[in-house]
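Data first, discussion second: the structure below is written as structure tokens.
The values are calculated or read from the model by the stated rules, or taken from the named source; none is laboratory data. The structure displayed is predicted, hence computed values, not measured ones. For neighbour counting, all protein chains shown are included, and Cβ atoms are generated from backbone atoms with ideal geometry for every residue, glycine included.
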Amino acid sequence: MRAEIIATGTELLSGGVLDTNSLFLSEELMLLGIETAFKTVVGDDEKDMEEALQRSLARVSVVIVTGGIGPTEDDITRKVVAKIVKKRMVLNEDALKAIHTRLTGRDYGTTNDRQALIPSGARLLQNPAGVAPGFFIDESELFIAVLPGVPKEMRAMFSEGLKPVLAERFANRMFIRRRLVRTCGMSESAVNQAIQDTLKRDIPVVGLTVKETGGVDIRIIAREPNADQAQTQVDRTEATIRGKLGDAVYGVDGRELEEVVGALLMQRRLKLAVAESCTGGLIGGRITSIAGSSEYFERGVVVYSNSAKTEMLGVPLDLIERHGAVSSEVAAAMASGIQKAARTDLGLAVTGIAGPSGGTEQKPVGLVFVALSTAQGVKTAEYRFLGDREQVRLRASQMALDMVRRHLIA
């Protein structure tokens with residue numbers, strides 16, 4: 001069973017607005033055993049929308065459209081869908097009543113009533129979080145659902161209205177289960193080499209994706225007529241991959257490395273402090289993006305200049321002069337300095353050349369040193385990252401967090 005998601009709205013094509021609805025719907029459809037084969041984004045143009053709908057109806061069994069059902073002139077989804085399926089628009093009394101109830105006590109424009117117009121024969125989907133109702137048409141081989149474009153409204157309408165319909169309508173189909181195994185510290189070729197036998201199997205399907213952080217995500221997708229069988233395939237394949245990759249695996253699905261590190265610090269009741277040079281506060285920002293991070297993150301400092309490293313962390317000036325600010329020796333002194341100043345269990349430090357200028361033949365752009373100071377001593381690591389300034393900074397922050405993680409699981 002294959003589906004297409006059509007996201008409407010010129011704002012999605014002009015930049016600045018992300019189509020998060022399609023991501024949500026793809027995940028939800030997968031759990032129902034419906035594979036999203038295509039995603040289309042189309043502007044508020046009748047002709048373009050007609051073309052997109054006609055194309056989707058010719059190649060998939062389920063079409064879900066988001067957006068374009070509000071009260072304004074450019075909300076044309078209802079009209080276009082009615083034209084494509086050759087239905088006249090009718091005023092749905094239940095929808096009209098719901099709109100009036102929702103807008104009681106507010107400024108009410110008569111244009112709001114047009115939101116109650118839906119194609120004849122369509123079934124109404126109430127909007128638990130907003131005004132505009134949705135609808136779906138289910139006739140023979142035709143299934144089209146129309147949902148709001150506002151993410152909060154779309155999710156509520158799908159979960160409470162459309163999801164039960166799809167579960168019943170497409171019962172006894174193939175079940176799809178997916179997992180994303182996340183890694184750090186191994187290149188794509190190294191991961192490919194380690195799990196090549198697993199990648200060659202047809203069941204389940206396994207693939208690789210390189211991330212901006214430099215890590216590699218491993219996709220596992222199982223399709224079976226029985227949900228438990230599909231889940232078992234995913235679980236077994238994940239176990240095999242973990243056995244091959246060991247500590248390179250840091251989490252699954254949507255978990256980011258800062259969340260994993262935070263959970264480990266919390267479990268062990270340890271405190272961390274960070275001193276950053278080339279990453280400019282990125283590591284501290286990632287750590288504190290997690291709710292509850294105050295339990296394990298004591299402080300972070302950005303020591304960009306040599307004098308800042310000396311004054312705030314006690315890094316000897318002659319050490320910087322002998323080895324340079326970008327060196328393993330200075331990174332180690334920074335880590336020890338922040339650990340001592342903050343009186344924490346762990347002190348993490350990063351210094352490097354993010355570029356695009358500032359590099360030399362001996363110390364090129366992308367050279368980064370990471371250090372971790374603990375009760376057992378100071379550990380340092382050298383990296384040479386490729387990419388632009390932001391990529392170098394992001395990858396440096398990833399490897400710094402991974403150094404903490406590997407220490408905590410050792």
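Could you pull out every one of the helices (runs of 4 or more DSSP H) wholly within the range 17-119 that has 1 or more residues that are touching an Asp or Glu at 6+ places or on another chain (Cβ under 6 Å) and either in the same structural domain as G130 (by TED's automatic domain parsing) or surrounded by fewer than 19 Cβ atoms within 10 Å (Cβ to Cβ) (or both)?
Values: elements: 20-31, 46-57, 77-84, 93-102.
Per the criteria, 46-57, 77-84.
Could you please tell me which pairs satisfy a Cβ distance under 9 Å, a separation of 6+ or placement on different chains, a first residue in the range 145-160 that is of a type outside the set (K, R), and a second residue that is surrounded by fewer than 19 Cβ atoms within 10 Å (Cβ to Cβ) and part of a strand (DSSP E or B)?
As it stands, the answer is A145/D138, since those pairs meet every condition given.
Just to be sure I understand, how many residues within the range 195-224 are closer than 21 Å to L257 by Cα and either among the acidic types (D, E) or buried (at least 21 other Cβ atoms within 10 Å of the Cβ) (or both)?
Initially, the range 195-224 is screened for residues closer than 21 Å to L257 by Cα, giving 207-220.
Keeping just the survivors that are either among the acidic types (D, E) or buried (at least 21 other Cβ atoms within 10 Å of the Cβ) (or both) gives 212, 214-218, 220.
Within the range 195-224, residues that are closer than 21 Å to L257 by Cα and either among the acidic types (D, E) or buried (at least 21 other Cβ atoms within 10 Å of the Cβ) (or both) number 7.
Take the residues in the range 285-341 that are of a type in the set (V, I, T) and farther than 25 Å from G359 by Cβ, then tell me which one is surrounded by the fewest Cβ atoms within 10 Å (Cβ to Cβ). Write out each step before concluding.
Taking the range 285-341 and keeping what is of a type in the set (V, I, T), we get 287-288, 290, 301-303, 310, 315, 320, 326, 330, 338.
Among the residues that remain, those that are also farther than 25 Å from G359 by Cβ are: 287-288, 290, 338.
Numbers: I287: 24, T288: 15, I290: 19, I338: 29.
Here the answer is T288.
Scan the range 366-393 residue by residue and report those that are surrounded by fewer than 21 Cβ atoms within 10 Å (Cβ to Cβ) and within 21 Å of S187 (Cα to Cα). Before you say what the answer is, go through the steps one by one.
Within the range 366-393, the first condition is being surrounded by fewer than 21 Cβ atoms within 10 Å (Cβ to Cβ), and the residues that meet it are 374-384, 386-391.
Result: T380, A381, E382, Y383, R384, L386, G387, D388, R389, E390, Q391.
Could you tell me which numbered condition M157 fails, if it satisfies all but one of (1) within 30 Å of I218 (Cβ to Cβ); (2) assigned by TED's automatic domain parsing to the domain that holds V41?
Unmet condition: (1).
Here are V210, V234: which of them is hydrophobic (A, V, I, L, M, F, W, C), at pLDDT 95 or above and closer than 21 Å to A194 by Cβ?
Selected residue: V234, the only one of V210, V234 that is hydrophobic (A, V, I, L, M, F, W, C), at pLDDT 95 or above and closer than 21 Å to A194 by Cβ.
Counting only residues that are under 30 Å from F170 (Cβ atoms), not β-branched (V, I, T) and not in a strand (DSSP E or B), how many does the range 200-230 have?
Summing the residues that are under 30 Å from F170 (Cβ atoms), not β-branched (V, I, T) and not in a strand (DSSP E or B) in the range 200-230 gives 9.
Going residue by residue through the range 196-204, is there one that turns out to be touching a residue at least 40 places away in the same chain (Cβ under 8 Å) and either touching a helix residue (DSSP H, G or I) at 6+ places or on another chain (Cβ under 9 Å) or not assigned by TED's automatic domain parsing to the domain that holds R242 (or both)? Talk me through it step by step, then tell me what you get.
Pass one, the range 196-204, residues touching a residue at least 40 places away in the same chain (Cβ under 8 Å): 198.
Right, trim to either touching a helix residue (DSSP H, G or I) at 6+ places or on another chain (Cβ under 9 Å) or not assigned by TED's automatic domain parsing to the domain that holds R242 (or both) and you get 198.
Yes - at least one qualifying residue is present in the range 196-204.
Has the range 187-194 got at least one residue that is hydroxyl-bearing (S, T, Y), loosely packed, with under 14 Cβ neighbours inside 10 Å and in contact with a Gly (Cβ under 9 Å, 6 or more places away or on another chain)?
Filtering the range 187-194 down to residues hydroxyl-bearing (S, T, Y) leaves 187, 189.
With the extra rule that they be loosely packed, with under 14 Cβ neighbours inside 10 Å, the set shrinks to 187, 189.
This time we only want the ones that are in contact with a Gly (Cβ under 9 Å, 6 or more places away or on another chain), so: 187.
Within the range 187-194, one or more residues are hydroxyl-bearing (S, T, Y), loosely packed, with under 14 Cβ neighbours inside 10 Å and in contact with a Gly (Cβ under 9 Å, 6 or more places away or on another chain).
I'm trying to understand the selection: among the residues of the range 120-142, which are buried (at least 22 other Cβ atoms within 10 Å of the Cβ), in contact (Cβ under 8 Å) with a residue 60 or more places away in the chain and part of a strand (DSSP E or B)? It would help to see each step written out before you state the result.
From the range 120-142, those buried (at least 22 other Cβ atoms within 10 Å of the Cβ) are 122, 125, 127, 132-136; that's our starting set.
Still in the list and also in contact (Cβ under 8 Å) with a residue 60 or more places away in the chain: 132-134.
The answer is G134, and nothing else.
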